[in-house]
Structure formats: structure tokens, C-alpha cells
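> This is the structure, below, for whatever I ask next.
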């Protein structure tokens, strides 16, 4: 198999080398997923545009003046995992990264590539959905912001145009009283892709839950909010009975896809269990949320 491999030195040059009308032209960042697709002949490129020479704003974790986080798209998952800034600002992401694939993959894979790939079996997207995160994408036509909840639209499908690149991930500062957690179930080792991944986010006033977000990944073809489950939590104190009811509601509304990691009915039951567990974890003291 032969294809053109280009290594632009600037972001503007990179987006000009992409072709919105040719699916065989792709950008490549860490390449941990795309290279496997090429080797197995699932994807046959005519041109790959390597982003490895792009630096500056595309790398690093930065705290903005309003307390939000700006994460460059070319930041590796290992750099993100080891970031003391992230550990303080969004510990739920730091904890999830410890078992996101293996260290060899994390050393190479990038945040932007993780999101742009659109694989439904990913840990970070459900968490980012509940945190209200968004990405900034650029193309020859300019730039736009996309909520992570609207970025991955289906099985390996995203709302990105063929000549758009993610340049940064933005995670807003969380309001007082907000707590987040992630519960992951794998059919194999702890660092395997999740058969079911559940992210939850709660905001409380005193003991009362006034806002709730629950997103499921792994079991569905894209990160999916469980709105019925969220509604069961509002207006009451956090307790085991409420968490169990939310788990039941999530199991009732999720439309799970069966695959090698479990059948649809099995994943439905795992959603029920892990929604409850994630809510328990979010409500626990910080030292008990690992």
C-alpha cells in the first residue's frame, strides 16, 4: 500500500492539506488507532497529514483566568495524566486516565486524536460531556466551538468536517457544590476499553441535588445522556435509594449495543449497576473516590 505522508510545520498549512471531499485524506496525530486501521486494511489512505511538528497552543494544560482549563489537542494522554494542574482542577479526569489503555498507548495518543477518532469505546468523552466541555476546531473557513456532547455523533462518526482539526479542549470551571465521578466496567483487564463507562456530575445546595448529569459510553454508539435517570435525582438528598432508582431509570432508557465485550441485555444490567456506583462515588468524600 502506498500513500503520501506530509508533515506540515504550521496549523494553517495542515488544514490546507486536508480535503473535505476525500475520505482517504486524513490527519494523523499519535496514530495509535489510525495506524492499526491502515495495517489491517480497514482504512486505505491516499494522504496522511502528520501533526507531530505542530507545537505552541496545541500542546499543554493551562488554567485560564476564569478557572477553566485549556488543553492543547496534541497533548499526550500521559502528559494529561501527569499534569498537576489537571489533578487539582478536574481529578475525575486524572483518575480515569490511570486505566485508559496501557502506558505505551498513553505515551503516544493525543487528546485531540482520542476525541476525533469517534470510537464509542472511550473513557474520556462521557466524562467531558458531564463536565460541559467543548472543543475548538479550525478549517480553511475559520474556527468554531463544538460541545463534546455534539462532537461524536455515531459509531466512529463525528460532526467534524473533513478539513477540520481539533486544536484545543476547553473544560469550564465547575460551580460550587459540584461533584463528579466515573465508573468503568471492562470484560478483560482494567485498562481495556470499557464495556460500559458511566460518568456522573452532581451539583448540590446543602444536601439537596439541584442539577445532575449522567452520560453512558461503551454501551452505546456515542456518549449518551441519561435524562430520565437525571430527573429522578433532582430535588432530594443524595442517598442509596435515590441512586438505585437512577440506575433503574438509566437501564430503562439506554439502548445498548452488543459486541465482543457483552450482549445488549448484559450491558443494560451493567449500566444499572454502574450508574448507582458512579453516583455513590461522586457523593463520597474526595479521598474515597478513586
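> Where does the range 4-50 land on the Kirkwood hydrodynamic radius, alpha-carbon pairs, in angstrom? Please report the intermediate quantities before stating the final value.
Working: mean 1/r = 0.0911 Å⁻¹.
Roughly 11.0 Å, rounded to one decimal.
> Turning to a different aspect of this structure: Tell me, 145, 193 in order of fewest to most beta-carbon neighbours within 10 Å? Show your work: numbers first, answer last.
Details: 145 10, 193 21.
Taking fewest neighbouring Cβ atoms as first place, the list is 145, 193.
> Let me ask something else. Counting other beta carbons within 10 Å of each residue's own, what order do 144, 53 fall into, fewest first?
On the way: 144 15, 53 12.
Ranking 144, 53 by Cβ neighbours within 10 Å, fewest first, gives 53, 144.
> Do you know the relative contact order of the range 41-124, to the nearest whole percent, from alpha carbon pairs under 8 angstrom that are 6+ apart?
25
> Now for a separate question. If each DSSP helix of 4+ residues adds -39,500 (n - 2.57) and the sum is divided by the residues in the chain, what number results at 222 nm, nearest 500 deg cm²/dmol?
Taken over the chain, the calculation gives -8500 deg cm²/dmol.
> Something else: Order of 130-139, 81-90, 174-183, 33-42 by packing, highest average Cβ count within 10 Å first?
130-139, 174-183, 81-90, 33-42
> What order do you get for 152-159, 240-247, 195-202, 275-282 when each peptide is scored by the mean count of other beta carbon atoms within 10 Å, highest first?
Ranking the peptides 152-159, 240-247, 195-202, 275-282 by packing returns 195-202, 275-282, 240-247, 152-159.
> Grab the beta carbon distance between residue 188 and residue 85, set R0 = 45 Å, and tell me the FRET efficiency rounded to 0.05.
The formula returns an efficiency of 0.90 here.
> Here is a further query. When only Cα pairs under 8 Å and 6 or more residues apart are kept, what is the percent relative contact order across the chain?
15
> Let me ask you something else. Under the rule a/c < 1.5 gives rounded, and otherwise a/b versus b/c splits prolate from oblate, where does the chain land using the Cα gyration tensor?
prolate
> Below 8 Å, C-alpha to C-alpha, sequence gap of six or more: please give me the relative contact order for the range 211-290 in percent. Display every interim value, and only then the final one.
On the way: 101 pairs, mean separation 21.4, N = 80.
Over the range 211-290, the number comes to 27 percent.
> What would the Debye formula give as log10 I(q)/I(0) at q = 0.18, 0.24 Å⁻¹ for the alpha-carbon point model of the range 56-171, no solvent?
Normalising to I(0) and taking log10 leaves -0.89, -1.62.
> Separate question: Neighbour counts of other C-beta atoms within 10 Å: give me 119, 66 arranged from fewest to most.
66, 119
> Something else now. Can you classify the range 133-208 as rounded, prolate or oblate using the Cα gyration tensor, where a ≥ b ≥ c are the square roots of its eigenvalues, rounded means a/c under 1.5, and otherwise it's prolate if a/b beats b/c and oblate if not?
Oblate shape, in that a/c is at least 1.5 and b/c is the bigger or equal ratio.
> Can you tell me the convex hull volume per residue for the range 215-290, based on C-alpha atoms, in Å³ to the nearest whole number?
Residue-normalised Cα hull volume stands at 89 Å³.
Each reported figure results from applying straightforward, stated rules to the coordinates on display, with no laboratory input. Because the structure is a prediction, the values reported are computed rather than measured. Every residue, glycine among them, receives a Cβ derived from its backbone with ideal geometry; neighbour counts consider all protein chains shown.
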